[in-house]
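Worksheet: one structure, shown below.
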Amino acid sequence: MKSTSAQVSQHPMNPLNLPPIATIGKSLICTGDSMKFNIGLIKLLPEKMVDFESLKVNDFKIEELFLNQGWKRYFDMLNGPIYTNMVKEFWMKAQVFDEVSARLEEEELV
């Protein structure tokens, strides 16, 4: 009797096979921009989330500790590509408010 092994296929854009965070269709609502200025004026300063080289220069040689625990893929993901246009679009649509304002709005609606 032949034994077959199931092959796990990985999508190149989702190598960790994470669940989707948004659905496409009627449930997806796109809002207008809450900021009204040229998106080209937004400047991003991308940095590595965890910069082992910088830590090493400052005598914190901890990279090997994390790698030995199997955290390499996690840090590779954190330090992965930054989609600058998507980040800019997000911030053009973002709304920031404080806790007091949120509570007042909630009381009005209830």
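No lab work stands behind these numbers, since they all come straight from the coordinates. Remember, it's a predicted structure, so these values are computed and weren't measured experimentally.
What to note about this one:
- Nearby aspartates and glutamates by direct alpha-carbon distance to Lys36 (threshold 19 angstrom, same-chain neighbours under 8 apart not counted): Glu89
- Pairs of Lys residues in segment 39-109 are counted when their Cα atoms are under 29 angstrom apart and they lie 8 or more places apart or on different chains; the count is 11.
- Contact order for segment 39-109, expressed relative to its length and based on alpha carbon pairs under 8 Å spaced 6+ residues apart, stands at 37 percent.
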